[in-house]
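What follows draws every value from the coordinates through simple rules; no lab data is involved. Fair warning: this is a prediction, and the values are worked out from it, not measured in the lab. A quick note on method: Cβ atoms are made from the backbone with ideal geometry, for glycine too, and the neighbour counts reach across all protein chains shown.
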Ligand code: P6P
């Protein structure tokens with residue numbers, strides 16, 4: 001019998017708020033509004049095959065990537081659900097080049113929301129798990145003024161909350177507001193996210209590595225040596241590791257969070273900054289994994305210490321169990337010395 005208490009996400013958020021006597025409740029309402037938006041997105045994702053929202057819109061997003069109809073639906077849903085709550089001064093999305101201003105007739109709040117509305121969307125038509133990722137900061141510009149790009153471009157360690165939803169065999173929402181990492185499973189019968197993974201802690205060491213080995217040729221020599229090391233036989237260190245790669249960041253990192261191990265999307269000789277986005281993919285996932293006792297690196301240092309210069313900048317990411325991220329950093333550093 002699960003020892004997890006029966007609790008909805010709304011009740012959990014309120015209990016989290018009580019841990020902060022100075023809390024005004026704004027962050028709680030912001031997180032609850034996000035949970036509602038994610039429920040609605042989940043509904044559409046789960047019937048995408050039935051409703052004509054599969055396939056391409058014919059548009060391209062700001063990165064020249066073909067936009068799936070579900071991408072734009074998720075983006076619009078989040079924007080419309082979040083713009084009038086009075087908790088935000090500005091938003092930013094993978095689908096929009098510039099910051100998203102709060103409409104003039106809506107109250108301005110003290111928080112900043114960045115999001116990837118539907119990560120992994122290239123997998124939509126194949127019914128592979130996809131997800132939504134969000135990152136929340138406190139504003140740094142004066143209250144009651146429109147939020148700015150500076151409010152958005154803060155290092156990841158300044159986040160006050162972050163989370164993701166995985167639209168898979170079930171819809172799971174995982175978030176942290178600085179007091180532990182908690183997972184909720186959507187019960188479609190009652191339309192509620194129910195606490196299913198309380199106080200998630202990532203294993204200190206794992207036995208799974210996750211990376212697109214198709215890029216092996218272009219990797220840093222230290223990374224090549226690290227992957228070969230994982231494939232050697234050594235019972236004491238549970239090697240060889242298993243290899244798992246969904247190709248959907250949220251699914252790969254969710255598995256890493258629960259089972260341990262390491263997910264990597266490195267830079268390489270073709271993509272000098274890697275592929276994944278710092279502000280609304282890597283930083284929020286790093287905030288969660290560190291809060292669960294893990295580690296997130298850009299290859300030679302703490303990922304959340306990167307001082308951002310662009311909303312859509314990319315970063316290499318090595319994230320997961322501390323033992324495993326420490327190990328890959330060592331292999332890369334050692335090879336750097338030999339260069
Ligand atoms: P590759 C999905 O398109 C995505 O943005 C992430 O969700 C995923 O981790 C990565 O790209 C997969 O990239 O190059 O391995 O197909």
Which percent, to the nearest 5, of DSSP beta bridges fully inside the chain are antiparallel? 85
Shape descriptor, the chain: equivalent ellipsoid semi-axes (Cα gyration tensor, sqrt 5λ, whole Å, largest first) stand at 31, 22, 21
Could you work out how far helix 26-46 tilts from the main Cα principal axis of the chain, as a 0 to 90 degree angle to the nearest 10? 70
Taking the Cβ of each residue in 14, 319 as the centre, tally the other Cβ atoms inside 10 Å and list the residues starting with the fewest. 14, 319
Considering every Cα-Cα pair within the stretch 208-338, what fraction, in whole percent, is farther apart than 16 Å? 60
Folded to 0 to 90 degrees: helix 69-82 orientation relative to the chain principal axis, Cα: 50
Two-decimal log10 I(q)/I(0) for the stretch 295-336, as the Debye equation yields it once each C-alpha is a single scatterer, q = 0.19 Å⁻¹: -0.56
By DSSP, what percent of the beta bridges with both residues in the stretch 208-338 are antiparallel, rounded to the nearest 5? 70
Which Rg and Dmax, in Å, describe the Cα atoms of the stretch 210-250? 11.5, 31
Percent RCO, i.e. relative contact order, over the stretch 208-338, from Cα pairs under 8 Å lying at least 6 residues apart: 30
When the Kirkwood radius is taken over all Cα pairs of the stretch 9-197, what Stokes-Einstein diffusion coefficient follows at 10 °C and 1.306 mPa s, in µm²/s? 93
Would you calculate a helix-derived [θ] at 222 nm for the chain, using -39,500 (n - 2.57) for each DSSP H run of n ≥ 4 and dividing by the full residue count, to the nearest 500? -8500 deg cm²/dmol
Burial order of peptide ranges 93-100, 69-76, 294-301 (average beta-carbon count within 10 Å, highest first): 69-76, 294-301, 93-100
Considering Cα pairs under 8 angstrom that are at least six residues apart, work out the relative contact order of the chain and quote it in whole percent. 15
Once the Cα atoms of helix 221-230 and of the chain are each reduced to a long axis, what angle between those two axes, in degrees from 0 to 90 to the nearest 10, is obtained? 80
Over the Cα atoms, compute the radius of gyration (one decimal) and Dmax (the largest Cα-Cα distance, rounded to a whole number) for the stretch 152-216, in Å. 15.4, 46
